[in-house]
Amino acid sequence: MTEPKFSQQQREQPEPSEGNRPVPKLVLTIIVGLFIWAVYYLYATYSPMPPSLGDNRVAADFAVPALADGGQLYTANCVACHQASGKGLPGVFPPLSGSEWVSAEDPGVMIKIVLHGVQGPLTVEGAKYEGLMPHFHDKLSDEEMAALVNHVRTSFGNSASTTDAKYVAQIREETKGQATPWKGDEDLRPLLEQ
Ligand code: HEC
């Protein structure tokens, strides 16, 4: 009568249960070790990003440098006297259109006039003027002066050669001792004969 009992026992194995350590100790140790190392690594190598690495560009960095606009500079600085037509006012303001001073072969003549101004009798296209032409050496940069001179020398029917900021800088340097306006024909006429 024992046999059935035995076979019954044999059939009724204890319920399989999960081991309480399914992960081998060695693997656990490695994982914990890696975790501690990772935390240490983050701590040891932490460095806040310097702001210089960021995008510190401002709107101005994207702006195309404004090119001096001779026409605009003429309107802002010269129109009041020499008029939009460049023909001036007879007897008061001399014309820039057709003027021997404007269209002189050397653009330096006009640069000198605009840098330092003129006071005293000045003959333009055969007519005498005796007014005051203000100076612009402290109002216009070399680039602006070049753009303005180029505009006048190629507008109002003029078709003289153009110049650049480098030449203006050179004339500015050469004439930096000029503290008063040029004395009309007396100072300027010789420049045309050079
Ligand atoms: C306040 C009035 C006034 C303004 C502004 C003025 N000018 Fe004149 N300009 C004169 C007068 C007046 C003369 C003649 C000076 C004289 O009689 O001695 C003159 C003479 C000149 C001459 C030599 C003569 C000729 O007609 O070619 C040039 C070139 C000239 N000006 C260019 C300019 C330019 C360029 C500007 C602007 C940047 C300018 N002027 C602004 C009044 C002015």
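Does any residue of region 95-105 turn out to be more than 7 Å from the ligand (Cβ to nearest atom) and not in a loop (DSSP other than H, G, I, E, B)?
Looking through region 95-105, none of the residues is more than 7 Å from the ligand (Cβ to nearest atom) and not in a loop (DSSP other than H, G, I, E, B).
Out of region 65-94, which residues are near the ligand (Cβ under 8 Å from one of its atoms), in a loop (DSSP other than H, G, I, E, B) and out of contact with any His (no Cβ under 6 Å at 6 or more places or on another chain)?
Answer for region 65-94, where residues must be near the ligand (Cβ under 8 Å from one of its atoms), in a loop (DSSP other than H, G, I, E, B) and out of contact with any His (no Cβ under 6 Å at 6 or more places or on another chain): Cys78, Val92, Pro94.
Looking only at region 135-187, how many residues end up being among the aliphatic types (A, V, I, L, M) and farther than 15 Å from Asp69 by Cβ? Give the derivation first.
Here is the first cut: in region 135-187, the residues among the aliphatic types (A, V, I, L, M) are 140, 145-149, 152, 160, 165, 168-169, 171, 179.
Next, from what is left, pick out any that are farther than 15 Å from Asp69 by Cβ: 160, 168-169, 171, 179.
Of the residues in that region, 5 qualify.
For Leu67, indicate whether it is in contact (Cβ under 8 Å) with a residue 24 or more places away in the chain, surrounded by fewer than 20 Cβ atoms within 10 Å (Cβ to Cβ) and in contact with a helix residue (DSSP H, G or I) (Cβ under 9 Å, 6 or more places away or on another chain).
Numbers: in contact (Cβ under 8 Å) with a residue 24 or more places away in the chain: yes; surrounded by fewer than 20 Cβ atoms within 10 Å (Cβ to Cβ): yes; in contact with a helix residue (DSSP H, G or I) (Cβ under 9 Å, 6 or more places away or on another chain): yes.
Yes; evaluated as a whole, the condition is true for this residue.
Here is a list: His151, His116. Which entry is more than 8 Å from the ligand (Cβ to nearest atom) and closer than 14 Å to Ile171 by Cβ?
Numbers: His151 fails: closer than 14 Å to Ile171 by Cβ.
Selected residue: His116, the only one of His151, His116 that is more than 8 Å from the ligand (Cβ to nearest atom) and closer than 14 Å to Ile171 by Cβ.
Here is a check on your reading of the model: is Lys87 in contact (Cβ under 8 Å) with a residue 40 or more places away in the chain and within 19 Å of Ser159 (Cβ to Cβ)? Steps first, answer last, please.
On the way: in contact (Cβ under 8 Å) with a residue 40 or more places away in the chain: yes; within 19 Å of Ser159 (Cβ to Cβ): yes.
For Lys87, the condition - in contact (Cβ under 8 Å) with a residue 40 or more places away in the chain and within 19 Å of Ser159 (Cβ to Cβ) - is met.
Examine region 24-46 for a residue that is under 30 Å from Phe93 (Cα atoms), modelled with pLDDT of 85 or more, among the aromatic types (Phe, Trp, Tyr) and surrounded by 10 or more Cβ atoms within 10 Å (Cβ to Cβ), and state whether such a residue exists.
No, region 24-46 contains no residue that is under 30 Å from Phe93 (Cα atoms), modelled with pLDDT of 85 or more, among the aromatic types (Phe, Trp, Tyr) and surrounded by 10 or more Cβ atoms within 10 Å (Cβ to Cβ).
Give the residue, chosen from Ala169, Ala179, that is part of a helix (DSSP H, G or I), away from the ligand (no atom under 12 Å from the Cβ) and of a type in the set (Gly, Ala, Ser). Before the answer, list the steps.
Details: Ala179 fails: part of a helix (DSSP H, G or I).
Among Ala169, Ala179, only Ala169 is part of a helix (DSSP H, G or I), away from the ligand (no atom under 12 Å from the Cβ) and of a type in the set (Gly, Ala, Ser).
The values are calculated or read from the model by the stated rules, or taken from the named source; none is laboratory data. The structure presented is a predicted model; accordingly, all values stated were derived computationally and were not measured. As a convention, Cβ positions derive from the backbone with ideal geometry for all residues, glycine included, and neighbour counts pool all protein chains shown.
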